[in-house]
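*Asks:* Let me give you the structure first, and then I'll get to my questions.
The values are calculated or read from the model by the stated rules, or taken from the named source; none is laboratory data. Please read all numbers here as calculations on a predicted model, not as lab measurements. Note that each Cβ is placed from the backbone with ideal geometry, even for glycine, and that neighbours are counted across all protein chains shown.
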Amino acid sequence: MAKLLLIDDDPSLTELLSVYLDELGHKVHRTQNGEDGLRAFFSLQPDLVILDVTMPHRDGWQTLERIRELASTPVIMLTARNEEASVLRGFALGADDYVTKPFSFAELAARVRSVLGRVQSHADKDTAAPQLQYGNLMVDTTTRQVWRQRELLHLTPTEFKLLVALMQHAGEVLTPQDLVRIVWGEQYLDDVGYVRRYVWHLRKKIELNPAQPRYIHNEHGFGYRFFPSEADTAPEGRG
């Protein structure tokens, strides 16, 4: 089904998890630290990475940052840390999902299916709408590049998916539940609290002033609406 890279320094866990995922039809490659994991990432070009946070030689945060410098490959973080700050740090760095130890193998397999399905779903939509442009903001869904005027913006995969969802529904008010369904899937409806943080991270990248957004506007009590303000319809740097 998919080529998975599992990076975790617990050999007992990785062996059992690899067997379980192999039996589901996935091809799993294992490494036990970030350095080896990155080497495997470069050579294997996996469809998805399952990445532990606490590891020797290069921890999960550093490994994720390096992966995001190079590719938009989906990443699921595996960790015993369940504090909100850790979860948000993983999302801010570009993680696509976050599973806290201890977990059931069935739960992780469901997350793998969901993330891979999300990637395929967005690929299908990208074929139908290769470019989206409003005001000075342009998204090329084929190359997965985002431009504001002549500046190339660097978004994480989840930020990119969130922006595309908002732009595809430009002018409409989308509730947090709507955004979770479109970007993450029905099974994540209990996690709508993270949508506000994701929107904030996205604004910091696409807005000149996130405190006075030109593109993503709050509809208090309802959700978010994407539309460019009049100020954005003129070229930047004039006036």
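*Asks:* Yes or no: Glu207 modelled with pLDDT of 85 or more, buried (at least 16 other Cβ atoms within 10 Å of the Cβ), of a type outside the set (A, V, I, L, M) and within 18 Å of Asp97 (Cα to Cα)?
*Replies:* Spelling it out, it is not the case that Glu207 is modelled with pLDDT of 85 or more, buried (at least 16 other Cβ atoms within 10 Å of the Cβ), of a type outside the set (A, V, I, L, M) and within 18 Å of Asp97 (Cα to Cα).
*Asks:* Considering only the range 182-211, state which residues are of a type in the set (D, E, K, R) and under 17 Å from Pro228 (Cα atoms).
*Replies:* The answer is Arg203, Lys204, Lys205, Glu207.
*Asks:* Which one of these is polar (S, T, N, Q) and in contact with a strand residue (DSSP E or B) (Cβ under 6 Å, 6 or more places away or on another chain): Ser18, Ser43, Ser114, Ser72?
*Replies:* Selected residue: Ser18, the only one of Ser18, Ser43, Ser114, Ser72 that is polar (S, T, N, Q) and in contact with a strand residue (DSSP E or B) (Cβ under 6 Å, 6 or more places away or on another chain).
*Asks:* Only residues that are crowded, with 17+ Cβ neighbours inside 10 Å and closer than 20 Å to Leu155 by Cβ: list them for the range 210-226, please.
*Replies:* Pro213, Arg214, Tyr215, Ile216, Tyr224, Arg225, Phe226
*Asks:* Another question, then. Any residue that is of a type in the set (D, E, K, R), closer than 21 Å to Gly90 by Cβ, touching a strand residue (DSSP E or B) at 6+ places or on another chain (Cβ under 9 Å) and at pLDDT 85 or above - is there at least one of those in the range 225-238?
*Replies:* Within the range 225-238, none of the residues are of a type in the set (D, E, K, R), closer than 21 Å to Gly90 by Cβ, touching a strand residue (DSSP E or B) at 6+ places or on another chain (Cβ under 9 Å) and at pLDDT 85 or above.
*Asks:* Same structure again: Given Val75, Val99, which one is of a type in the set (A, V, I, L, M), touching an Asp or Glu at 6+ places or on another chain (Cβ under 9 Å) and either in the same structural domain as Asp140 (by TED's automatic domain parsing) or modelled with pLDDT under 90 (or both)?
*Replies:* Within the list Val75, Val99, the selection yields Val99.
*Asks:* Among strands (runs of 3 or more DSSP E) lying entirely in the range 13-123, which contain 3 or more residues that are of a type in the set (Gly, Ala, Ser) and buried (at least 17 other Cβ atoms within 10 Å of the Cβ)?
*Replies:* Qualifying strands (runs of 3 or more DSSP E): none found.
*Asks:* Could you check the range 139-158 and list, in sequence order, the residues that are surrounded by fewer than 16 Cβ atoms within 10 Å (Cβ to Cβ) and without any contact (Cβ under 8 Å) to a residue 40 or more places away in the chain?
*Replies:* Asp140, Thr142, Thr143, Gln145, Trp147, Arg150, Glu151, Leu152
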